[in-house]
1. Leaving out ligands, DNA and RNA but keeping every protein chain, what accessible area does residue 162 have, in Å² rounded to the nearest 10, with a 1.4 Å probe?
2. Modelled label-to-label distance, residue 145 and residue 18, 7 Å Cα→beta-carbon offset: nm?
3. Between 41, 141, 60, which gets the highest mean-square fluctuation from a Gaussian network model of the chain, Cα cutoff 10 Å?
4. Mind giving me the nanometre distance, one decimal, between the label points for residue 27 and residue 4, set 7 Å out from Cα along Cα→Cβ?
5. Among 149, 165, 2, flag the residue with its Cα farthest along the positive direction of the charge dipole of the chain, charges on Cβ as +1 for Lys/Arg and -1 for Asp/Glu.
6. Using a 1.4 angstrom probe with every protein chain in place, what is the largest-first accessible-area order of 125, 25?
7. Could you work out which residue, out of 69, 33, 57, moves most in a Gaussian network model of the chain, that is, has the largest mean-square fluctuation with Cα springs under 10 Å?
8. Roughly speaking, to the nearest percent, how much of segment 54-171's 1.4 Å accessible area is carbon and sulfur?
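The values are calculated or read from the model by the stated rules, or taken from the named source; none is laboratory data. Everything numeric in this text was worked out from a predicted model, so none of it was measured. Here Cβ is always computed from backbone atoms with ideal geometry, including for glycine, and neighbour counts include all displayed protein chains. Accessible surface areas use protein heavy atoms only, side chains included; no ligands, DNA or RNA. Shrake-Rupley method; radii C 1.70, N 1.55, O 1.52, S 1.80 Å.
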Amino acid sequence: MGQQPNIELVATERPVGKLARAAERRWTPRRPGEITSPSEMPSGGSFGRPGPDTGWGLRMIQAASFDRGRRPRILESLLGALVGARASHARRGPARQDVEVALSLVGLHEDYTVSGGAPEQIALRRERWLDAVSHEPWPGMSALASIPPDLLTDTPERVRSRLLADPSLIG
């Protein structure tokens with residue numbers, strides 16, 4: 001609707017055009033210890049090995065068929081730590097191969113049962129790891145510290161063959 005001819009508008013009553021938005025200021029870190037690039041992200045030790053959706057690994061472990069023994073909850077948390085560490089080394093979420101490698105490392109993979117069971121040394125190491133899980137701040141911490149990274153990231157078949165050839169490969 002137009003302005004009535006008998007009303008005078010002063011400058012403050014006139015409509016004002018929209019102002020252009022100011023340019024955004026660039027963000028800079030101001031707090032100490034702020035992570036600004038992927039290379040600064042700490043990993044290992046007390047920081048753990050963060051990876052995407054490690055809870056999916058626990059779900060795959062619960063669905064897998066293997067002998068859970070007398071301490072199933074502790075065993076599943078140990079396997080979850082192994083699965084999560086292997087997946088995060090590859091910078092991805094957990095996969096079926098990660099569960100296979102974790103079961104091979106603790107001597108519970110189905111190939112061991114077909115060939116007469118895991119070597120005695122692997123079974124003793126599994127019991128030692130299970131005893132330690134309840135006393136660790138992060139379940140599986142001592143197990144992950146004793147596994148060489150190249151063995152953890154190897155293919156499931158090669159992990160089993162390497163462990164069968166030399167069970168003392170893991171400390």
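1. 60 Å²
2. Between residue 145 and residue 18, the label points sit 6.0 nm apart.
3. 41
4. Once both label points are built, they end up 5.3 nm from each other.
5. Positive-end residue among those listed: 2.
6. Details: 125 5, 25 205 Å².
The ranking, largest first, comes out as 25, 125.
7. 33
8. Details: 3250 of 6000 Å².
About 54 percent, which is the carbon plus sulfur part of the accessible surface.
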